[in-house]
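The values are calculated or read from the model by the stated rules, or taken from the named source; none is laboratory data. Note that the structure is a prediction, hence the values are computed from the model and not measured. Ideal geometry is used to build each Cβ from the backbone, glycine not excepted, and the neighbour counts take in all protein chains shown. Each accessible area value is taken on the protein alone, full model and side chains, heavy atoms only, with ligands, DNA and RNA left out. Shrake-Rupley method; radii C 1.70, N 1.55, O 1.52, S 1.80 Å.
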Amino acid sequence: MLKGKDKLMVAIDTDNYEKAVELIDKLEDSVEIFKLGLENYIASRGKTLDYLKSKGKRVFLDLKFHDIPNTMMSAVKACIKDGVWMMTIHVSDYEGMKKCADIAKEEAQRLGIEKPLIVGVTVLTSLSDEDLESIGCNLSTRQAAIKRAKLAKEAGLDGVVCSAREVADIVEACGPDFVTVCPGIRPATAEVGDQKRVVTPAQAIENGAKLLVVGRPITRAEDPAKAADMIVEEIARTTEV
C-alpha cells in the first residue's frame, strides 16, 4: 500500500526560480513528489527540474502537451531523457495518444530505464458544465471526464488527471489500477481560489484517487512543511480506514 507521502504531489507554481528552490528546501523532508507546470518550467528554463533531480525527488512535469502526434511524441521522448517520473498530455485523438504511449515504452527500453507515467488531462478543474457548454461541448464535466478517461485507457495511457468529484466513476469505468491524479484539492479550512470542482484530501482518497495535487494550501502556508505533514497524515488516516 502506498504511504501518504507517495500520494501527495506539491505544485511549485511560481515564476521565480529562487523562490522555488527556497520552497523545495522547506519541504524537502515532508514531500517526495513535486509538480512543475508551465509557469515555473518556462520561467526557470528547466532549472527547477534539475534542482529537484539533484535532491532525488520525483518530478511530475505537467506541461499538458496538445499538438499533432509527431510533435507530442518528440516532447514525450525529451521528457523521458530528462528523467521525469510522470508527465501530462491532453486527452485528444486515440491515435495520437497511442503513439505517445508506444514511444514512451520504446524510448525507456532503449535507455534502459523505468518508463515514466503518462496521464491524460480530461477536464480542467477550473471548468464548469457551463464553461463546456460555452465552447460547444454538449456533455457535462462528469460525462466528458468519464468518456475521455475511457479513451485514454484504450489508447494505452497510464491514467488521467481528473476532478476528485468524478474519480469514483472513472475508477469504476477504467479499473482500480488506472492511475487517477486529482488536482483542485483543498483542505476544509483553505480558500477555493480559481478552482470550481474541489474536494478535501480525505474525500478525494475515499472517492478512489491515487495521487493528489496540492498547491497554494501548502506553498502559501505560514509553515509549508507543517501544512504538507498535516495533509499526509490526513491521507494516511483515510487510507488506513
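Modelled spin-label separation between Ala43 and Glu206, with each label point placed 7 Å from Cα along the Cα-to-Cβ direction: 3.6 nm. Extending 7 Å from the Cα toward the beta-carbon at both Lys150 and Glu172 defines two label points whose distance is 1.3 nm. At 1.4 Å probe size, with the rest of the protein present, what percent of the exposed accessible area of the chain is carbon and sulfur atoms? For the chain, the apolar C and S fraction of the accessible surface comes to 48 percent. Structure note, pairs Lys77/Lys115; Lys64/Lys99; Lys7/Lys105; Lys153/Lys210: Cα-Cα distances above 20 angstrom occur for Lys7/Lys105.
Across region 4-240, the volume of the C-alpha convex hull divided among the residues equals 123 Å³ per residue. Each of Asp67 and Glu95 was given a label point 7 Å from its Cα along the Cα-to-Cβ line. The distance between the two points is 1.9 nm. Given R0 = 45 Å, the distance between the Cβ atoms of Ser134 and Asp6 translates into a calculated FRET efficiency of 0.75.
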